[in-house]
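Written out below as structure tokens is the structure these notes cover.
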Amino acid sequence: MYEVGVIEDAAVAEVSLDPVRARLLAALAEPGSATTLAAQAGLTRQKVNHHLRTLESHGLIELVEERRKGNCTERVLRATAASYVISPAAFAAVAPDPDRSPDQQSARWLLALASRLVREVGELITGARAARRPLATFAVDSEIRFASAGDRAAFAAELTETLAALVSRYHDGSATGGRRHRLVVGLHPSLLLPRADGGAHSSEQDTEKE
């Protein structure tokens, strides 16, 4: 089982988004059969079998083993991944294009970049898996609390300058056998944490000095 499965086909995306099938897919993070799933989902075994056949035909679940039970054979299935992400490639006609309106301070442009990141890395994972070769990637995830909007702007300017210097130092457009790599850096406010009463709050006070 893969940690993350990438869905690149629109038909597979449609199947995975069905609420009942999505619940069954989540339950099959651990191997299960139509009988055990029917009890968990509150559905008949026949209905569960119908959904399982659809999920299996689209490559979202796979057969683990077959067990003989009296006159019947019980099929034990498992999801092909612990979790899934739908690539924008599944909706190619309406996928965002970050080259259309580049704007460093636009949240929608950041989203378009993230969308392209999911699509490209998803395709790379699929290709590396088919070739049985490792995929060289690198990622950093961090959180920073700025004292003021001015500090945030200064940080962005310094980060831009530092990255430009690094890119200039290591980029070699004429290197024989070299391979291009895409570098994406994003900065956005952290999401507020949910409160027990249904509201939302941050772990610290979300005030900002201008």
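The values are calculated or read from the model by the stated rules, or taken from the named source; none is laboratory data. Values in this document were obtained by computation on a predicted structure and should not be read as measured data. Cβ placement follows ideal geometry from the backbone for every residue including glycine, while neighbour counts extend to all protein chains displayed. Keep in mind that these areas ignore ligands, DNA and RNA; they rest on the heavy atoms of the full protein, side chains included. Shrake-Rupley method; radii C 1.70, N 1.55, O 1.52, S 1.80 Å.
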Which one of Leu43, Leu77, Leu60 is among the hydrophobic types (A, V, I, L, M, F, W, C), out of contact with any strand residue (DSSP E or B) (no Cβ under 6 Å at 6 or more places or on another chain) and either at pLDDT below 95 or farther than 15 Å from Glu8 by Cα (or both)?
Leu43
In the range 122-145, anything crowded, with 16+ Cβ neighbours inside 10 Å and closer than 18 Å to Pro189 by Cβ is listed as none
Failed condition for Gly42, given (1) exposed (fewer than 12 other Cβ atoms within 10 Å of the Cβ); (2) closer than 30 Å to Leu187 by Cβ:
(2)
Applying the selection to the range 84-121, what residues are open to solvent by less than 50 Å² (accessible area, probe 1.4 Å) and of a type in the set (Ser, Thr, Tyr)?
Ser87, Ser106, Ser115
Answer residue from the range 165-192, given it is open to solvent by 100 Å² or more (accessible area, probe 1.4 Å) and in contact (Cβ under 8 Å) with a residue 12 or more places away in the chain and is farthest from Ala107 (Cα to Cα) among those:
Arg182
Turns out the strands (runs of 3 or more DSSP E) fully within the range 1-114 with at least 1 residues that are touching a residue at least 40 places away in the same chain (Cβ under 8 Å) and among the aliphatic types (A, V, I, L, M) are 2-7, 72-79, 81-86
Restricting attention to the range 105-133, which residues are over 18 Å from Phe91 (Cα atoms), at pLDDT 90 or above and of a type in the set (Gly, Ala, Ser)?
Ser106, Ala107, Gly127, Ala128, Ala131
